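Chemist: First the structure, which I've put down as structure tokens, then a few questions once you've had a look.
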Amino acid sequence: MKDILQELENRRQEARLGGGAARIEAQHKRGKLTARERIELLLDEGSFEEFDMFVAHRCTDFGMEKNRPYGDGVVTGWGTINGRQVYVFSQDFTVLGGSVSATHAQKICKIMDMAMQNGAPVIGINDSGGARIQEGVDSLAGYGEVFQRNIEASGVVPQISLVMGPCAGGAVYSPAMTDFIFMVRDTSYMFVTGPDVVKTVTNEVVSAEDLGGASTHTRKSSVADGAFENDVEALAELRRLVDFLPLNNRAGVPVRPFFDTPDRVEPSLDTLVPDNPNMPYDMKELILKVADEGDFYEIQEDFARNIITGFIRLEGRSVGVVANQPMVLAGCLDIDSSRKAARFVRFCDAFEIPILTFVDVPGFLPGTGQEHGGGIKHGAKLLFAYGEATVPKVTVITRKAYGGAYDVMSSKHLRADFNYAWPSAEIAVMGAKGATEIIHRADLGDPEKIAAHTKNYEDRFANPFVAAERGFIDEVIQPRSTRVRVCRAFASLRNKKRALPWKKHDNIPL
Ligand code: HXC
């Protein structure tokens, strides 16, 4: 018996060594942790239960039968993050470059199936050279099985990808179908084809960083939702994110102890909006002052900064926040901000996370760039996403809510439950100057008349009361009491039930 126990221990030891000491050292030298070290940091201490430690590939081509390392390049299993269950796979670059064989894919599929069955998130740590070249179509079939599960799990359990190394070819498409992708600066890349292929096909010379590094994907392409300085920070931040997320689409938001009072009044908010309507202010200040303990987890911080998306808690419960940012492009809606916010709203709705919207929007960005880029279709995404969302929706208009963008930003007409406005709100088809220039074109040569018309328009429309008269605004509230009002609103909506007509699925403008 003792011998068998010893043999088990020896085999485990061998499996834990992955691709061996030299490759582990090379991984460390690049500033990367190993697959197992990453899991250790991600999960609660001692909570990891591993599956399939002794799985080995079955390929016999290209001399592969002589190289059958335990685990086949991916560590899989489950554990907890602050006591809540998650499933995890972590690709081991030290074993055949973390490449995906048929058996490697089967290991990932097994934990995805378990996650779906048991209603817990899937976290994938990606560090892989893509399809295992020696396995040919078997590897592609393996990828295909993972993709199909990504699709079926979408909207059922949260799926989060950490990209912590090169991700090429098939390796980018599985993360692309998950809810969130995070990268590590300088050590992670995502591209369909690497710089060498790009050079061959298009004659374009580009570095890996420029082609698919963290800053490219967080600032330009929006493929990634955030980037961190190193593996340790990325894993710690992922734990923080998971704390905000429901375990599945039926579990409801997590409820955590909170150390803040729901009726906290913030007098400083009374002066947040400047007297001059053309002056910007930082909408993040409002978010931080409303959130429990000022804790805000921002998603896509570096992309389309004219809109802010992320998670806060109110009375210990997660809430998704969408807010126009007057500091960037005056907070207007454009292609990028519409896409960014629409995807976020749909995530929240899929997982029953209530949505809080702060509005200060002068309209849609005009111009050929926007029109030719399909601005109409992309703007419609956000409109569609808000209108189909059946979760509790609370909206606060702080200043401008002009034109179509007023309708889009979770207006009463899109079935928001509570629509509040600050006294500084201006709810109109457009700003006074633009409106006057159109409806009083004949007087354009007379500055005095134009000034009078503009003043008249401002008096009539540059306020929240016309909308309040019609019940489109439920209440005009004091800025200082925003947290109190919003907390009470969401508390009253905890049993909200609203269903859309039966359909197979909708046809959101993609
Ligand atoms: C088998 C692979 C591999 C792969 C890397 N390795 N990628 N083995 N299949 N796809 C092995 C290497 O042979 C090497 O083995 C070890 O992993 C480390 O790789 P290095 O090249 O030494 O590392 P590095 O210099 O850091 O470069 C990493 C890399 C590069 C950028 C990922 O290895 C690379 O370009 N690999 C190929 C990427 C690729 O074209 N993949 C196929 C994509 S097509 P030894 O034994 O020497 O340590 C695809 C289709 C799927 O994925 C489509 C589904 C829709």
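Chemist: About the Cα centre, and with charges only on the beta carbon of Lys, Arg (+1) and Asp, Glu (-1), how big is the dipole of region 1-129? Nearest 20 debye, please.
Modeler: 280
Chemist: Could you give the size of the charge dipole of the chain about its Cα centre, using +1 on the Cβ of each K and R and -1 on the Cβ of each D and E, expressed in debye and rounded to the nearest 20? Write down the numbers at each step before the final one.
Modeler: Working: 59 positive and 68 negative charges, 223 e Å.
Using only the charged Cβ atoms, the result is roughly 1080 debye.
Chemist: Can you give the three extents of the C-alpha atoms in the chain along their principal axes, from longest to shortest, in whole Å?
Modeler: Cα spread of the chain along its principal axes, largest to smallest: 94, 55, 45 Å.
Chemist: For region 172-297, what percent of Cα pairs sit more than 23 Å apart? Mind showing how you got there, number by number?
Modeler: On the way: 4377 of 7875 pairs.
Counting every Cα pair in region 172-297, those more than 23 Å apart make up 56 percent.
Chemist: Whose amide H sits under 5 Å from the amide H of ILE397, counting only residues 5 or more places off or on another chain, with H placed in the peptide plane?
Modeler: VAL359, TYR420, ALA421, TRP422
Chemist: Follow-up. Between HIS104, LEU5, GLY19, whose Cα lies farthest towards the positive end of the dipole of region 1-105 when Lys and Arg beta carbons carry +1 and Asp and Glu beta carbons carry -1, centred on the Cα centre?
Modeler: GLY19
Chemist: Another question, then. Suppose R0 equals 60 Å. What FRET efficiency, 1/(1 + (r/R0)^6) with r the Cβ-Cβ distance, do GLU204 and LYS496 give to the nearest 0.05?
Modeler: About 0.70, to the nearest 0.05.
Chemist: Residues with amide H under 5 Å of GLY19's amide H, sequence separation 5 or more or different chain, H placed in the peptide plane at 1.01 Å from N; which?
Modeler: Here the answer is THR94, VAL95, since their amide H atoms fall under 5 Å of that of GLY19.
Chemist: Can you give me the Cα centroid spacing of region 450-491 and region 215-235 in angstrom?
Modeler: The distance from the Cα centre of region 450-491 to that of region 215-235 comes to 38 Å.
Chemist: So, one more: Which order do the peptides 84-93, 168-177, 501-510 take when ranked by the mean count of other beta-carbon atoms within 10 Å per residue, highest first? Could the numbers behind the result be given before it?
Modeler: Details: 84-93: 23.7, 168-177: 20.6, 501-510: 7.5.
My ranking of the peptides, most packed first, is 84-93, 168-177, 501-510.
Chemist: Continuing with the same structure: Collect residues whose amide H, placed 1.01 Å from N in the peptide plane, falls under 5 Å from the amide H of LEU333; neighbours closer than 5 in sequence don't count.
Modeler: Placed amide hydrogens put GLY363, PHE364, LEU365 under 5 Å from LEU333.
Chemist: Let me ask another. Taking the Cβ-Cβ separation of LYS2 and PHE51 as r and a Förster radius of 35 Å, what is the calculated FRET efficiency to the nearest 0.05? Mind dumping the intermediate values first?
Modeler: Numbers: r = 26 Å, r/R0 = 0.75.
FRET efficiency, LYS2 to PHE51: 0.85.
Chemist: Report the charge-dipole magnitude of region 220-281 in Debye, nearest 20, computed about the Cα centre from +1 at each Lys and Arg Cβ and -1 at each Asp and Glu Cβ. Walk me through the intermediate numbers first.
Modeler: Numbers: 6 positive and 11 negative charges, 74 e Å.
Here region 220-281 has a charge dipole of around 360 debye.
Chemist: Now a separate question. Between ILE439 and GLU65, what is 0.36 nm times their sequence separation minus the Cα-Cα distance? Round to one decimal in nm.
Modeler: On the way: separation 374, 0.36 × 374 = 134.64 nm, distance 7.98 nm.
Gain on stretching ILE439 to GLU65: 126.7 nm.
Chemist: Sort 124-132, 340-348, 201-209 by packing, meaning the average of other beta carbons within 10 Å per residue, with the highest value first.
Modeler: Numbers: 124-132: 25.8, 340-348: 23.9, 201-209: 11.0.
Averaged packing, sorted descending, gives the order 124-132, 340-348, 201-209.
Chemist: Of the listed pairs LYS377/LYS503; LYS284/LYS496; LYS289/LYS377; LYS220/LYS400; LYS199/LYS381, which have alpha-carbon separations greater than 24 Å here? Mind showing how you got there, number by number?
Modeler: Details: LYS377/LYS503 22 Å; LYS284/LYS496 28 Å; LYS289/LYS377 34 Å; LYS220/LYS400 28 Å; LYS199/LYS381 35 Å.
The pairs that break the limit, which is 24 Å between Cα atoms, are LYS284/LYS496; LYS289/LYS377; LYS220/LYS400; LYS199/LYS381.
Chemist: If we count every other residue with Cβ under 13 angstrom of SER215's Cβ, Lys/Arg +1 and Asp/Glu -1, where does the sum land? Numbers along the way, then the final one.
Modeler: Details: positive: ARG185, ARG219, LYS220; negative: ASP186, GLU209, ASP210, GLU229, GLU301, ASP302.
Within the 13 Å Cβ shell, the charges total -3.
Chemist: Among 115-122, 317-324, what's the highest-first ranking by average C-beta atoms within 10 angstrom per residue?
Modeler: Details: 115-122: 18.9, 317-324: 25.4.
Going by the mean number of other Cβ atoms within 10 Å, highest first, we get 317-324, 115-122.
Chemist: Please give me the summed charge of the neighbours of GLY83: other residues whose Cβ is under 15 Å from its Cβ, Lys and Arg +1, Asp and Glu -1.
Modeler: After counting each charged neighbour, the total is 0.
Chemist: Tell me the mean residue ellipticity at 222 nm calculated for the chain from its helices only (DSSP H runs of n ≥ 4, each -39500 (n - 2.57), averaged over every residue, nearest 500). Provide the component values of the computation, followed by the final result.
Modeler: Details: 18 runs with 188 residues, N = 510.
It lands at -11000 deg cm²/dmol.
Chemist: Specify the inter-centroid distance of region 262-336 and region 66-124, based on alpha-carbon positions, in whole Å.
Modeler: 37
Chemist: Hey, if you put +1 on the Cβ of every Lys and Arg and -1 on every Asp and Glu Cβ in the chain, which of GLY367, ALA489, PRO326 ends up farthest toward the positive end of that dipole?
Modeler: ALA489
Chemist: Can you tell me the Rg and the Dmax, both Å, for the Cα atoms in region 69-174?
Modeler: In Å, with Rg to one decimal and Dmax whole: 12.8, 41.
Chemist: If you wrap a convex hull around the alpha carbons of region 433-510, what volume per residue comes out, as a whole number of Å³?
Modeler: Details: hull volume 17.1 nm³, N = 78.
Convex hull volume per residue, Cα atoms: 219 Å³.
Where a number appears in this text, it was derived from the coordinates with a stated rule and is not lab data. All values reported here derive from a predicted model rather than from experimental measurement. Note that each Cβ is placed from the backbone with ideal geometry, even for glycine, and that neighbours are counted across all protein chains shown.
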